[in-house]
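A.B. asks: Can you read through this structure? Questions will come right after.
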Amino acid sequence: MSGNETSLNDDSSRLRDRASSAFQQARETAQRADRLRDRATTAFQQRRQQAARAEERLNNRVDQFAGALGLDPDFVEPVQLDDRGEDIGFVPTDRGRDELASDFAADRPFVEPGDALIDADPVGGTRTSVDPAAFDDVAARARQQSAGQQQFVEPGDLDAEVTPGGVTGVEVRPGRQDDIAARRFESTTALDDVDPTTDLERTGDGFGLSTQARRELGAIEIDEQLPDIDVGVDDIAIEDGQAVFEREVRR
């Protein structure tokens, strides 16, 4: 074999070696790229799974918080309490506040939704109560409505006790029972004006007319029965609780 043929063979071998080496390097590079893609895909999937689990936990907590308040979960919003987003609190949305106020008022006589105070703290929780600034309005409403349900009673005769939880009681104010009784006698008898201080006296279960008031009432009733005689109070005596015309007796 000549020297030229040997040289050509050597060059050809070197070319094949270089080509084989380049191919091997390319294959290894492609394999590394595949491994990187696989790792990237796995990391992405893990992050996505972690995010999905975190969202599920958050939704469960939203459901629990909303259920405790009696709200739809859409009426509750999370509040991030730290920089990393690991500490989450919850508060009602504006619509949730309206729902809480309406529910609170519906369960409490004389309280309207506008009287409710919603104290929503993502750490301390959410509480609904009567706004102290609305106490006077609630008390006035309680007196007005309660008086309207009782004969002869006026709002000024009543006291209403209001607390953050609502109205705890509506009662007749001390010293106003006689005013109510006076109106009752004015409405149910022929007396036009009954003075609580002079025309009433206490009985076992309330108030009755004084002797003088009964004489006045007797004079009116008997005068109607005797149209030809002018019957006055001085002509009336009270015997066994009844008004008696006594003019002839005196004569």
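A.B. asks: Residue-wise, which Karplus ³J(HN,Hα) couplings in Hz belong to region 150-161, taking 6.51 cos²θ - 1.76 cosθ + 1.60, θ = phi - 60°, and x for glycine or proline?
C.D. replies: With the stated coefficients, region 150-161 comes to 10, 5, 6, 9, 10, x, x, 7, 10, 10, 10, 9 Hz.
A.B. asks: Can you give me the long-range amide H partners of VAL76? Hydrogens built in the peptide plane at 1.01 Å from N, cutoff under 5 Å, separation of 5 or more residues or another chain.
C.D. replies: Under 5 Å from the amide H of VAL76 lie the amide H atoms of THR93, each far enough along the sequence or on another chain.
A.B. asks: Considering only GLY218, GLN242, GLN177, whose Cα is most displaced toward the positive end of the charge dipole of region 177-250, charges sitting on Cβ of Lys, Arg (+1) and Asp, Glu (-1)?
C.D. replies: GLN177
A.B. asks: If all Cα-Cα distances of region 177-250 are sorted into 10 Å bins from 0 onward, what percent lands in each bin, rounded to whole numbers?
C.D. replies: 20, 49, 25, 6
A.B. asks: Roughly how many nanometres apart are two label points built 7 Å out from the Cα toward the Cβ at GLN212 and LEU117?
C.D. replies: Label-label distance for GLN212 and LEU117, simple model: 5.1 nm.
A.B. asks: Could you give me the ³J(HN,Hα) list for region 63-75, computed from phi with Karplus coefficients 6.51, -1.76, 1.60 and θ = phi - 60°, whole Hz, x at Gly and Pro?
C.D. replies: Going residue by residue, I get 4, 5, 5, 4, x, 5, 8, x, 10, 6, x, 5, 9 Hz, with x marking Gly and Pro.
A.B. asks: Of the peptides 161-173, 137-149, how do they stack up when ordered by the mean number of other Cβ atoms within 10 Å, highest first?
C.D. replies: Values: 161-173: 14.8, 137-149: 16.9.
Ranked by mean Cβ neighbours within 10 Å, highest first: 137-149, 161-173.
A.B. asks: Please report, in debye to the nearest 20, how large the charge dipole of region 177-250 is about its Cα centre when each Lys and Arg carries +1 at its beta carbon and each Asp and Glu carries -1 there.
C.D. replies: In debye, rounded to 20, region 177-250 gives about 260.
A.B. asks: Given +1 on the Cβ of Lys and Arg, -1 on the Cβ of Asp and Glu, and no further charges, what dipole in debye does region 169-213 carry about its Cα centre, rounded to the nearest 20?
C.D. replies: In total the dipole reaches around 180 debye.
We did not get these values from a lab; they are worked out from the coordinates using the rules stated. This one's a predicted model, so the numbers in the text were calculated from it and none came from an experiment. No Cβ is skipped: glycine too gets one built from the backbone with ideal geometry, and neighbour counts run over all protein chains shown.
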